[in-house]
Amino acid sequence: MSRLGALHLTKYTGAKHTATVIFFHGSGSNGADMQEWVRLMVKNFSFPHIKVVYPTAPLQPYTPAGGMMSNVWFDRADISPDAPEKIDSLARIENEVKNLIKKEHHDGIASNRIIVGGFSMGGSLAFHTAYRWDCNIAGAFVFSSFLNQNSIVYKEIKNNSGEKYPPLLQIHGDTDDLVHLEWGQTTFQQMQALGIQGEFHVMERLGHSINKRGMSLIKEWIEKRLPDV
């Protein structure tokens, strides 16, 4: 049985969707909150032919919160690029994410018609999804996110140098005091060095949050990569 919480879907006007966006929330949040937050930033974050899915992370102990139960995609030793990744925790959520994608496959949506993205920890999950678990997806967007130094993402890309990877859109606030801008920049530079094509946008006077300009960039980027068919 899946450990993920309830899925929350945006409305779409088409009789049948031809593409899907999976939007992962940050640590301690849930899909409904992420959907509402996005709606407040961009009231028309919807697409006639695209379904947007906002899954909720499983409830589990979270080390940075003193081991308290929290809705998180995976556990971390610390919120720092210097901390080692908890590979066993990532492996557990891998199956859940693959099941989400399989559900879209069963509805007739191929991987190259799916985009994954997320905020903070959700963005980190999007990295693992697009560059480890399903490299055939149409793209990945991340907002205020980073990867640990020596991340398994970097290692697997390096070991599969002949693989074709999806494009990356990365956005980060310049006053983010939880996930520092330089962490995001270093992650993007590492991805570029490994051959990942993408773009990095700095949001002025933005802390650890999304904003209207950033979400509008994401919306336009999605529309370019998932046109109606």
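Do you know which of the residues in the stretch 93-110 that are among the charged types (D, E, K, R) and touching a helix residue (DSSP H, G or I) at 6+ places or on another chain (Cβ under 7 Å) is nearest to ILE137 (Cα to Cα)? It would help to see each step written out before you state the result.
In the first step, residues of the stretch 93-110 are kept if they are among the charged types (D, E, K, R); the result is 94, 96, 98, 102-104, 107.
With the extra rule that they be touching a helix residue (DSSP H, G or I) at 6+ places or on another chain (Cβ under 7 Å), the set shrinks to 94, 98.
On the way: GLU94: 15, LYS98: 12 Å.
Per the criteria, the residue is LYS98.
Would you mind listing the strands (runs of 3 or more DSSP E) fully within the stretch 126-209 where at least 2 residues are open to solvent by less than 40 Å² (accessible area, probe 1.4 Å), among the aromatic types (Phe, Trp, Tyr) and touching a residue at least 12 places away in the same chain (Cβ under 8 Å)? Show your work before the answer.
Details: elements: 139-143, 168-173, 198-203.
Those strands (runs of 3 or more DSSP E) span 139-143.
The values are calculated or read from the model by the stated rules, or taken from the named source; none is laboratory data. Not measured: the values here are computed from a predicted model. Because the Cβ atoms are built from the backbone with ideal geometry, glycine has one as well, and the counts that use them run over all protein chains shown. Heavy atoms of the whole protein, side chains included, go into the accessibility calculation; ligands, DNA and RNA do not. Shrake-Rupley method; radii C 1.70, N 1.55, O 1.52, S 1.80 Å.
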